[in-house]
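Here's the structure, in structure tokens; my notes come after.
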Amino acid sequence: MAGHGQYLVILNGNAASAPQVQLAPRHLHQKIKDSLEDTFTCIQEESQESAMSETNIVERVTKEIESKLDTFFDNIKDKIREEIKDVLEGVMKRLHGLETRVDVLDKENLELKRKLVSLEQYGRRPNIRIFGVKEEPREDCKAQVAKILQTKLNLDINEEDMDAAHRVPQRAKDRPKPIIVRFFKRESKEKVMRSRKNLKNSGISIAEDLCAEMLHLYNRIKSDTLRVQDAWVWRGEVFFKDHRGTVHKAQYGKPIQDMDIPIMRYRDKP
């Protein structure tokens with residue numbers, strides 16, 4: 001960057017760097033000065049030859065100076081416009097490149113998120129959540145669950161079939177905390193899910209154990225009554241039926257209108 005005493009600001013830059021402010025070279029001052037001195041000398045010589053009055057000399061000098069300055073600054077403005085245009089084109093190219101890169105990173109990030117959600121949900125496949133079971137002091141959750149499955153669902157499942165059973169926190173304070181159950185075998189879990197309809201009107205319900213992202217997906221689809229007639233969960237996957245009677249498999253990270261691959265007819269609902 002040039003030193004003190006320069007008078008003109010010019011933008012400079014390219015596609016790989018941010019615009020920089022530079023001052024015009026100092027020799028432009030001298031160029032203007034020399035041009036004006038030459039003009040004054042010529043007019044002075046003409047005045048001596050033609051006996052021009054001082055007033056006419058002043059007017060002539062003033063007009064010449066104005067004309068030369070107008071021409072000079074018009075040239076400078078044209079140069080500034082060209083340089084600004086070059087800088088802006090470079091900035092726009094760089095911005096477009098950055099936007100493209102951001103789009104790529106967003107897609108990669110979403111794909112990684114999908115894989116993580118799928119992996120977490122896969123790990124929950126042997127799990128169920130039971131709602132509405134009354135809490136008791138010093139309770140044995142495994143024993144409570146086994147009793148419900150045997151007496152209300154008529155299933156031959158006991159405590160030895162369960163890896164773990166315990167209550168999990170919830171926001172609602174006026175209802176019993178749900179019980180999460182993990183079975184050793186997914187077959188035991190699927191028996192429970194197929195028989196859970198027998199709990200109707202009992203105050204107890206059983207649902208898939210969904211991770212936070214899949215639960216949000218299910219609730220979002222369930223609430224979209226304009227496009228969704230019914231929604232459910234099976235083996236950790238979310239399905240929904242549209243108003244044409246076609247069933248779709250929901251996909252994490254996609255809007256409903258993009259989930260356009262039909263899975264089955266409604267009569268084949270699992």
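The values are calculated or read from the model by the stated rules, or taken from the named source; none is laboratory data. Treat the numbers as computed from the prediction; the structure is a model and nothing was measured. All Cβ positions, even for glycine, are placed from backbone atoms using ideal geometry, and neighbour counts span all protein chains on display. Only protein heavy atoms, including side chains, enter the accessible area calculation; ligands, DNA and RNA are left aside. Shrake-Rupley method; radii C 1.70, N 1.55, O 1.52, S 1.80 Å.
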What number, in percent, do you get for the relative contact order of region 157-251 if the mean sequence gap of Cα pairs under 8 Å and at least 6 apart is divided by its residue count? 15 percent
Probe 1.4 Å, accessible area per residue of region 54-206, Å²: 72 Å²
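When the chain is fully extended, how far beyond the present Cα-Cα distance does Leu105 get from Glu66, taking 0.36 nm per residue of separation?
8.3 nm
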Calculated FRET efficiency, Ser223 and Thr151, Cβ-Cβ r, R0 30 Å, to nearest 0.05? 0.30
For Val238, what residues show an amide H to amide H distance below 5 Å, using hydrogens built from the backbone and excluding near sequence neighbours? Ala250
Quick check: convex hull of the Cα atoms in region 119-270, volume per residue, rounded to a whole Å³? 133 Å³
Considering only protein heavy atoms and a probe of 1.4 Å, how much of the accessible area of region 84-132 is carbon and sulfur, as a whole percent? 61 percent
Which entries of Lys197/Lys249; Lys115/Lys147; Lys115/Lys152; Lys107/Lys189; Lys189/Lys249 show an alpha-carbon separation above 28 angstrom in the structure shown? Lys115/Lys147; Lys115/Lys152; Lys107/Lys189
HN-Hα J couplings of region 231-236 from phi, Karplus 6.51/-1.76/1.60, θ = phi - 60°, integer Hz, Gly and Pro as x? 8, 7, 10, 9, 6, x
Would you pull out the residues with amide H under 5 Å of Thr246's amide H, same chain only if 5 or more places away, H placed 1.01 Å from N? none
Cα convex hull of region 107-156: mean projected area in nm², to one decimal? 5.5 nm²
